[in-house]
Amino acid sequence: MNPLHRLLCALALPWLLIPAAAAANDFPTAERVIYVQECMRTHPGPHYEMINKCSCAVDAMASEVPFDDYVGMTTVVNAMSIGGERGGALRDNESVKPQIKRYRELETKVHKACFINDSK
């Protein structure tokens, strides 16, 4: 193999690996949009600034957990707000508390990394 071919192969190899790495924990676009909209609703601020901060947060979240784990955690966290007896059954369930804790810790971590102020 001549030196030019070696150079081209060396330059192309990283680009061939990027799609596999990016797809490993990729979140669907609709889920990213929902996360950013919710983040912006709960953290009001300058529109453009918060789009960037909240987008940073969902990207950081996607790099930390597989999408299926994210869905499980957010389902439990969101279901905690169900009122009445149905919500109480979930709130009293000890088996979901580790998922809630993991999500809250992860959310705190990505918000801190993306300069989202969680103090209220």
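Does M61 fit the bill of being closer than 22 Å to T29 by Cα, over 11 Å from the mean Cα position of the chain (by Cα) and assigned to a helix (DSSP H, G or I)?
Against the criterion (closer than 22 Å to T29 by Cα, over 11 Å from the mean Cα position of the chain (by Cα) and assigned to a helix (DSSP H, G or I)), M61 does not qualify.
On the basis of being surrounded by 10 or more Cβ atoms within 10 Å (Cβ to Cβ), in a loop (DSSP other than H, G, I, E, B) and among the β-branched types (V, I, T), does I100 make the cut? Please lay out each step first, then the result.
Details: surrounded by 10 or more Cβ atoms within 10 Å (Cβ to Cβ): yes; in a loop (DSSP other than H, G, I, E, B): no; among the β-branched types (V, I, T): yes.
Taking the combined requirement at face value, the residue does not satisfy it.
Collect the residues in the stretch 64-79 that are farther than 17 Å from K97 by Cβ and part of a helix (DSSP H, G or I), keeping them in residue-number order.
Of the residues in the stretch 64-79, the ones farther than 17 Å from K97 by Cβ are 64-68, 70-71.
Passing the criteria: E64, F67, D68, Y70, V71.
Taking only the stretch 19-51 into account, find how many residues are of a type in the set (A, V, I, L, M, F, W, C), modelled with pLDDT under 95 and surrounded by 10 or more Cβ atoms within 10 Å (Cβ to Cβ).
Here the count works out to 4.
Considering every residue within the stretch 44-63, establish whether at least one is of a type in the set (K, R) and out of contact with any helix residue (DSSP H, G or I) (no Cβ under 8 Å at 6 or more places or on another chain).
Of the stretch 44-63, the ones of a type in the set (K, R) are 53.
Okay, now just the ones that are also out of contact with any helix residue (DSSP H, G or I) (no Cβ under 8 Å at 6 or more places or on another chain), so none.
No; the residues of the stretch 44-63 include none that is of a type in the set (K, R) and out of contact with any helix residue (DSSP H, G or I) (no Cβ under 8 Å at 6 or more places or on another chain).
I need every pair where a residue in the stretch 80-93 that is outside any helix (DSSP H, G or I) has its Cβ under 8 Å from the Cβ of a residue that is modelled with pLDDT under 80, sequence separation at least 6 or different chains.
Taking only residues 6 or more apart or on different chains, the pairs are M80/G87; M80/L90; M80/R91; S81/G87; I82/L90.
The values are calculated or read from the model by the stated rules, or taken from the named source; none is laboratory data. Remember, it's a predicted structure, so these values are computed and weren't measured experimentally. Please note: Cβ atoms are built from the backbone with ideal geometry, for glycine as well, and neighbour counts cover all protein chains shown.
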